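First up is the structure itself, then whatever we jot down about it.
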Amino acid sequence: MIQSSCLRPLLVSALLALPFVTGSLAPAGLQAEEKKIEFPAASQHAMVKQRVGLTDVEIDYSRPNKNDREIFGGLVPYGKLWRTGANAVTKIKFSKPVTLGGKDIPAGEYALFTIPTTDEWTIIISKDAKVQSAADYKQENDVARFTAKPEPIPVTIETFTIGLGDVKGASATLNFVWDKTRVPVKLTTADVEEVSKQLEAVVNSGTSLDPRTAYQAAAFYYDNNKDLNQAAKWIDQALEKNPNAYFMQYKKAQIQARLGNKKEAIASAQKAIDILNKDKAPDEAAIRNAQQIIDSSK
């Protein structure tokens, strides 16, 4: 018979051989493994990306809600530095130099702060793009500082919004909108001047453009009130290889109408309509646009 004193060392050895378990000795699989639970943020993160001319603009910010609170002069105190959003400092990035609020800003990424008051907002562009909070802001890092006028709007905007509107050619409006307030800031790029110089070099060298580029050059000159006679030459060049392109005929009509050549504008607009009507499902909006040129040129 095996004595109990002999069994004791064997029992200890067997226990030591068992897997180490914290807590209880519950069977494997019964203990729930902790899982990371992700919750929606009260102020959602947003990324705005917009090309203005040939310049890419990106805005990274978080969007707080009104939630029946008084916003400006309340939640956002007047006269104090605001990170212009929630959770973190708002960032703005330009792929090329821009003019914002009349101030020249080099290409790069920046922190964007504001100081709202009743009659005007101070907009601050800081070169310290890594700044974490308004408390860390240093005026010595300002790249630009300017003011903008807040405007009342007739509807209540629940969620704070930064966006780019009125995107025309190489300009746009940077808008800050929340509650019943909108603050517009003009943004322009040097892209029109840059492209104009390239096209002037083409004209001076006597270089012939391919049809697609010739059409784009004609449209660019028309849209930016450049030399319309040169625009007319380019659109004719484009139409030599694409006589049945309705949009080219329409652009020719626009250029002729602006030059005061009403009879020719009517003829080109009618060609555009005739081409469109050959489609099984004609573009009615394009037909109306061409018809407007005919009606206004009579």
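The values are calculated or read from the model by the stated rules, or taken from the named source; none is laboratory data. In this text, all values refer to a predicted model and were calculated from it rather than measured experimentally. Here the Cβ is made from the backbone with ideal geometry for all residues, glycine too, and neighbour counts use every protein chain on show.
Looking across the range 102-124, the residues that are crowded, with 19+ Cβ neighbours inside 10 Å, within 18 Å of K186 (Cβ to Cβ) and not β-branched (V, I, T) come down to Y110, L112, W121. When you check I235 against the structure, is it surrounded by fewer than 20 Cβ atoms within 10 Å (Cβ to Cβ) and in a helix (DSSP H, G or I), yes or no? No; evaluated as a whole, the condition is false for this residue. Taking the range 257-271 as the range and being touching a helix residue (DSSP H, G or I) at 6+ places or on another chain (Cβ under 9 Å) and either farther than 21 Å from R212 by Cβ or modelled with pLDDT under 95 (or both) as the test, the residues that pass are A257, R258, L259, N261, K262, K263, E264, A265, I266, A267, A269, Q270. Of all residues in the range 216-227, which are touching a residue at least 24 places away in the same chain (Cβ under 8 Å) and out of contact with any Phe, Trp or Tyr (no Cβ under 7 Å at 6 or more places or on another chain)? Those that are touching a residue at least 24 places away in the same chain (Cβ under 8 Å) and out of contact with any Phe, Trp or Tyr (no Cβ under 7 Å at 6 or more places or on another chain): A219, F220, Y222, D223, N224, K226. In this structure, K298 does not satisfy being basic (K, R) and either modelled with pLDDT of 95 or more or under 25 Å from S171 (Cβ atoms) (or both).
What are the residues in the range 203-212 that are surrounded by fewer than 16 Cβ atoms within 10 Å (Cβ to Cβ) and closer than 14 Å to A238 by Cβ, if any? Matches in the range 203-212: S208, D210, R212.
Would you check if there is a residue in the range 125-141 being touching a residue at least 24 places away in the same chain (Cβ under 8 Å), assigned to a strand (DSSP E or B) and either surrounded by fewer than 16 Cβ atoms within 10 Å (Cβ to Cβ) or touching a His at 6+ places or on another chain (Cβ under 7 Å) (or both)? Looking for residues that are touching a residue at least 24 places away in the same chain (Cβ under 8 Å), assigned to a strand (DSSP E or B) and either surrounded by fewer than 16 Cβ atoms within 10 Å (Cβ to Cβ) or touching a His at 6+ places or on another chain (Cβ under 7 Å) (or both), one finds none in the range 125-141, hence no.
Taking the criterion of being in a loop (DSSP other than H, G, I, E, B) and touching a residue at least 24 places away in the same chain (Cβ under 8 Å), the residues of the range 166-215 that qualify are G169, A170, A190, S208, L209. Taking (1) farther than 28 Å from I266 by Cα; (2) outside any helix (DSSP H, G or I); (3) charged (D, E, K, R) in turn, K226 satisfies each apart from (1). Among the conditions (1) among the hydroxyl-bearing types (S, T, Y); (2) exposed (fewer than 15 other Cβ atoms within 10 Å of the Cβ); (3) touching a helix residue (DSSP H, G or I) at 6+ places or on another chain (Cβ under 9 Å), S196 misses just one, which is (2). Every residue in the range 54-101 that is free of Cβ contacts under 8 Å to residues at least 60 places away in the same chain, charged (D, E, K, R), surrounded by 14 or more Cβ atoms within 10 Å (Cβ to Cβ) and not in a strand (DSSP E or B), please. Passing the criteria: only R83.
Restricting attention to the range 164-193, which residues are more than 21 Å from the chain's Cα centre (by Cα) and crowded, with 17+ Cβ neighbours inside 10 Å? So that I can check it myself, show each step before the final result.
First, the residues of the range 164-193 that are more than 21 Å from the chain's Cα centre (by Cα): 179-180, 193.
Scanning the range 164-193 gives a single hit, D179.
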